[in-house]
Amino acid sequence: MKKLFLFVVVFICLQFNALAQWTTKSPMPTARTGLSTSAVNGKIYAIGGSLTALPSVTPTNIVEEYTPELESQAEQTTITILYDNTVYIPGTESKWGFACLIKVIEKTILFDTGWNSQILLGNIDFLGVNLDSLDQIVISHNHPDHTGGLDSVLGRKSEVSVYFGASYPAYFGQNILDKGATPILVDRPIEICEHVFSTGELLGAVNEQSLILDTEKGLVIITGCSHTGIVNILNEAKQIHNKNIYLVLGGFHLLNYSDAAVNQIIEEFRALGVEKCGATHCTGERQITLFKEAYGENYVPMGVGQVIQVSMITTDVIESDEGESQIPNRFKIDQNYPNPFNPSTTINYSVPKLSFVSIKTYDVLGSEVAALVNEEKVVGTYEINSKCGGETMSRPN
Ligand SMILES: [Fe+2]
């Protein structure tokens, strides 16, 4: 009896090894695969296998084995330092100021814009960053070493929302409007996009907001200058989200702090459970050294061109109070079962929002074998029953 054998997500049909892909209409990162298939929705499920009728049950033509690690790579956030007091990648330029680009699952956010627009754009071009995908800009505080490049960035991409403190003078928002962008005043903690939040404009000698990324490993907090106090900011973030702090990076503004005072702050970092940190910009050279020594291998070097990757949350479903699965909060496709199978197998998948869903199988040459799903789907978890030969049925669970 012939049995079809699957190794990863979808199935092998007849004599074909297969590759399944999952797409929506949302623009997503390019998938990684050796096959000439099209880009997918941030995830690709590459599989290989063979019929047991073949000389061996040993899998053949494995394109790329599916692993949870592969999936999480597709959902990583990247933080690229674009402007800083120091250089990380030779060829970039450093100057007093700070800016970084954050790519989350579906959004690209610029946090601060440095001081000198030519240096900012030069670093952007040198690092191959394309501002076409920019969605949002967040300004930490109204100092020129964080706002200086704003106009030049809006000159390249004006269809963005700019989040800045509600206490800024009116001309700041008017300038953003004049450039064709959308000003958004921030006074309290808000969500910038999925997984990304502002602390809100914290009040002090200089009012300032910081970014909070809610990641798989804990909170990632990005600061501009920490004028309201780095420890205050961390406490605020922890109070808002009630989660562990994984990484803190940016300017800590400790230039005039003594070693003893900095060591006291490091102790407070420890007490708050900060796992990793990367101090830069206005922190001060000696003060940065103390953080490096204290954190050792958990210190993240900073500088223009540094790219930091952090996995985003990969929770599959939202649990109700009763512990029952309710609304999926991300796209997901499960391992088929049974596996091996003969003559049919079942695949479950989840859709977190109204989306056009396409699930297809391909042979190893990249030619389409069968379209299992190719239509708009409402939110829900679905099940496909498929027989060898491509007969399919998709129904919500
Ligand atoms: Fe600054």
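All but one of (1) at pLDDT below 95; (2) within 16 Å of the ligand (Cβ to nearest atom); (3) farther than 22 Å from K95 by Cα; (4) of a type in the set (S, T, N, Q) hold for N256; which doesn't? Tallying (1) at pLDDT below 95; (2) within 16 Å of the ligand (Cβ to nearest atom); (3) farther than 22 Å from K95 by Cα; (4) of a type in the set (S, T, N, Q), N256 fails exactly one: (3). Scanning segment 189-230 for residues that are modelled with pLDDT of 95 or more, polar (S, T, N, Q) and under 21 Å from I81 (Cα atoms) yields a count of 6.
Assigned to a loop (DSSP other than H, G, I, E, B), crowded, with 22+ Cβ neighbours inside 10 Å and either touching a residue at least 40 places away in the same chain (Cβ under 8 Å) or out of contact with any helix residue (DSSP H, G or I) (no Cβ under 7 Å at 6 or more places or on another chain) (or both), is that true of H227?
No: the conditions fail for H227.
The criterion of at least 1 residues that are farther than 26 Å from S117 by Cα, among the polar types (S, T, N, Q) and in contact with a strand residue (DSSP E or B) (Cβ under 7 Å, 6 or more places away or on another chain) is met by the following strands (runs of 3 or more DSSP E) wholly inside segment 151-224: 211-215. Inspection of segment 149-170 finds a residue satisfying the criterion of being touching a residue at least 12 places away in the same chain (Cβ under 8 Å), within 16 Å of the ligand (Cβ to nearest atom), of a type in the set (A, V, I, L, M) and surrounded by 17 or more Cβ atoms within 10 Å (Cβ to Cβ). A single member of N175, N232 is over 24 Å from the mean Cα position of the chain (by Cα), more than 16 Å from the ligand (Cβ to nearest atom) and under 25 Å from I266 (Cβ atoms), and it is N232.
Check whether at least one residue in segment 240-262 is more than 26 Å from L82 (Cα to Cα) and either in contact with a helix residue (DSSP H, G or I) (Cβ under 6 Å, 6 or more places away or on another chain) or of a type in the set (F, W, Y) (or both), and report yes or no. Yes: one or more hits. Of the residues making up segment 78-91, those that are over 19 Å from G251 (Cα atoms) and surrounded by 20 or more Cβ atoms within 10 Å (Cβ to Cβ) number 0. Say whether the condition of being at negative phi, out of contact with any helix residue (DSSP H, G or I) (no Cβ under 6 Å at 6 or more places or on another chain), at pLDDT 95 or above and in a loop (DSSP other than H, G, I, E, B) is met by at least one residue in segment 52-74. Scanning segment 52-74 turns up no residue that is at negative phi, out of contact with any helix residue (DSSP H, G or I) (no Cβ under 6 Å at 6 or more places or on another chain), at pLDDT 95 or above and in a loop (DSSP other than H, G, I, E, B). Would you call T315 modelled with pLDDT of 65 or more and either of a type in the set (S, T, N, Q) or within 16 Å of the ligand (Cβ to nearest atom) (or both)? Judged against the criteria, T315 is not a match. Is it the case that I192 is β-branched (V, I, T) and either under 21 Å from S161 (Cβ atoms) or not assigned by TED's automatic domain parsing to the domain that holds D112 (or both)? Considered against the rule, which asks whether it is β-branched (V, I, T) and either under 21 Å from S161 (Cβ atoms) or not assigned by TED's automatic domain parsing to the domain that holds D112 (or both), I192 comes out as yes. Screening segment 78-116 for residues that are of a type in the set (K, R) and either within 16 Å of the ligand (Cβ to nearest atom) or assigned to a loop (DSSP other than H, G, I, E, B) (or both) and picking the one that is farthest from the chain's Cα centre (by Cα) gives K95. For segment 240-251, the condition of being at pLDDT below 95, assigned to a helix (DSSP H, G or I), out of contact with any Lys or Arg (no Cβ under 7 Å at 6 or more places or on another chain) and closer than 20 Å to I190 by Cα holds for at least one residue. Among the residues of segment 285-311, just one is surrounded by 13 or more Cβ atoms within 10 Å (Cβ to Cβ), of a type in the set (G, A, S) and more than 20 Å from T80 (Cα to Cα), namely A294.
This table checks each residue for (1) among the polar types (S, T, N, Q); (2) in contact (Cβ under 8 Å) with a residue 40 or more places away in the chain; (3) surrounded by 22 or more Cβ atoms within 10 Å (Cβ to Cβ).
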position: D178; (1), (2), (3): no, no, no
position: P189; (1), (2), (3): no, yes, no
position: C193; (1), (2), (3): no, yes, no
position: V206; (1), (2), (3): no, yes, no
position: L234; (1), (2), (3): no, yes, yes
position: H241; (1), (2), (3): no, yes, no
position: Q264; (1), (2), (3): yes, no, no
position: T283; (1), (2), (3): yes, no, yes
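The values are calculated or read from the model by the stated rules, or taken from the named source; none is laboratory data. Every value quoted in this text rests on a predicted model; they were computed, and no experiment measured them. Note that we place each Cβ from the backbone using ideal geometry, even for glycine, and neighbour counts take in every protein chain shown.
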